[in-house]
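Asks: I am attaching a structure below and will ask some questions about it afterwards.
The values are calculated or read from the model by the stated rules, or taken from the named source; none is laboratory data. Quick caveat, the model's predicted, so the values are computed rather than measured. Cβ placement follows ideal geometry from the backbone for every residue including glycine, while neighbour counts extend to all protein chains displayed. Side chains are part of the model used for accessible areas, which takes the heavy atoms of the whole protein and leaves out ligands, DNA and RNA. Shrake-Rupley method; radii C 1.70, N 1.55, O 1.52, S 1.80 Å.
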Amino acid sequence: MPQYLKDETQARIAAAALEVFARRGYRGATMAEIGRRARVSTGNIYRYYENKDVLFADLIGEEFAQTLLALLRRRVEALSGVSDVGALAPAAPFHAASEALLRFCVANRLRVVILLARAEGTPHADYAERLVAALSGLAVAHFQALRPTLHVSETLAFNLDQIYRNLVRSMVDTLVRFDQEGPIRQAVAEFSRYHLAGLQALFA
């Protein structure tokens, strides 16, 4: 029984911390507010976590960050050699990769929000910037494979950067606005159609 109570309390602290970090960001969050939301004393939190840094790292670790990046990379790379996404069969790798990414984001909704937009002051503060750069690079590689003579001008690189910043913002806004899988799926599907069509037009 004591072990059960300990696990239950730690789970409440972790759940409360995710909500507070997602709403206020790492810098704005306090252990006191996390304790109030978890219905435990601030002092009791320190029985489980030495400080706010340790609590954050337990919730948003390097493995989690790398997993999200790998899933996003897999989705882009699944389009290798594909010039028309709309013509892909339902069983195409791109759809499987998109589904894996979506399931991960739904299952880890608040963690993804924190990692992409609320991590200032942590080792992941520049994660969104690095993600935008990685996705932009993958997009250029994809279209250059389709069109080897493609020249990436300064303005094209700038607009591509803006497109992926918009994509990251949209992911965050969707996961903040909706907490149920159905609306998240619909919002992501609608934005993805716009995003892919926009990329196609940009490189046309």
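Asks: What is the residue count in segment 1-37 for residues that are modelled with pLDDT of 95 or more, open to solvent by less than 50 Å² (accessible area, probe 1.4 Å) and over 27 Å from MET171 (Cβ atoms)?
Replies: 3
Asks: Could you give every pair whose Cβ atoms fall below 7 Å, whose first residue belongs to segment 19-35 and is under 18 Å from PRO123 (Cβ atoms), and whose second residue is surrounded by fewer than 16 Cβ atoms within 10 Å (Cβ to Cβ), counting only separations of at least 6 or pairs across chains?
Replies: GLY25/GLU120; TYR26/GLU120; TYR26/GLY121; ARG27/GLU120; ARG27/GLY121
Asks: Let me ask another. Could you count how many residues in segment 43-52 are charged (D, E, K, R), surrounded by 13 or more Cβ atoms within 10 Å (Cβ to Cβ) and without any contact (Cβ under 8 Å) to a residue 24 or more places away in the chain? Break it down into steps so the answer makes sense when it comes.
Replies: The initial filter retains those residues of segment 43-52 that are charged (D, E, K, R), namely 47, 50, 52.
Among the residues that remain, those that are also surrounded by 13 or more Cβ atoms within 10 Å (Cβ to Cβ) are: 47, 52.
From the residues that got through so far, the ones that are without any contact (Cβ under 8 Å) to a residue 24 or more places away in the chain too are 47.
Count: 1.
Asks: Go through LEU59, LEU55 for me and flag whichever is surrounded by 15 or more Cβ atoms within 10 Å (Cβ to Cβ) and closer than 30 Å to HIS195 by Cβ.
Replies: Values: LEU55 fails: closer than 30 Å to HIS195 by Cβ.
Result: LEU59 is the single residue among LEU59, LEU55 that is surrounded by 15 or more Cβ atoms within 10 Å (Cβ to Cβ) and closer than 30 Å to HIS195 by Cβ.
Asks: Condition first: farther than 21 Å from GLU129 by Cβ and open to solvent by 30 Å² or more (accessible area, probe 1.4 Å). Now tell me which residues in segment 148-170 satisfy that.
Replies: Step one: filter segment 148-170 for residues farther than 21 Å from GLU129 by Cβ, giving 148-151, 153.
Within segment 148-170, PRO148, THR149, HIS151, SER153 qualify.
Asks: So, one more: Which one is least open to solvent (accessible area, probe 1.4 Å), of the residues in segment 77-88 that are in a helix (DSSP H, G or I) and at pLDDT below 80?
Replies: So the first thing to find is which residues in segment 77-88 are in a helix (DSSP H, G or I), and the list is 77, 85-87.
Now restrict to residues that are at pLDDT below 80: 85-87.
Numbers: VAL85: 37, GLY86: 74, ALA87: 75 Å².
The extreme case among them is VAL85.
Asks: Checking the condition outside any helix (DSSP H, G or I) and of a type outside the set (Ser, Thr, Tyr), which residue from ALA57, ALA70, ALA97, ALA91 passes? Break it down into steps so the answer makes sense when it comes.
Replies: Values: ALA57 fails: outside any helix (DSSP H, G or I); ALA70 fails: outside any helix (DSSP H, G or I); ALA97 fails: outside any helix (DSSP H, G or I).
Sole residue among the options that is outside any helix (DSSP H, G or I) and of a type outside the set (Ser, Thr, Tyr): ALA91.
Asks: Take the residues of segment 171-204 that are farther than 17 Å from ASN108 by Cβ and hydroxyl-bearing (Ser, Thr, Tyr): which is least open to solvent (accessible area, probe 1.4 Å)?
Replies: Here the residue is SER192.
Asks: What are the pairs, 6+ residues apart or on separate chains, where a residue within segment 67-81 that is free of Cβ contacts under 8 Å to residues at least 40 places away in the same chain and hydrophobic (A, V, I, L, M, F, W, C) has its Cβ under 8 Å from a residue that is outside any helix (DSSP H, G or I) and surrounded by fewer than 17 Cβ atoms within 10 Å (Cβ to Cβ)?
Replies: ALA78/ALA92
Asks: Next up: Give segment 106-127 a look and list any residue that's assigned to a helix (DSSP H, G or I) and either hydroxyl-bearing (Ser, Thr, Tyr) or open to solvent by less than 10 Å² (accessible area, probe 1.4 Å) (or both), or say none. Working first, answer last.
Replies: Step one: filter segment 106-127 for residues assigned to a helix (DSSP H, G or I), giving 106-107, 109-117, 127.
Scanning segment 106-127 gives VAL112, VAL113, ILE114, LEU115, TYR127.
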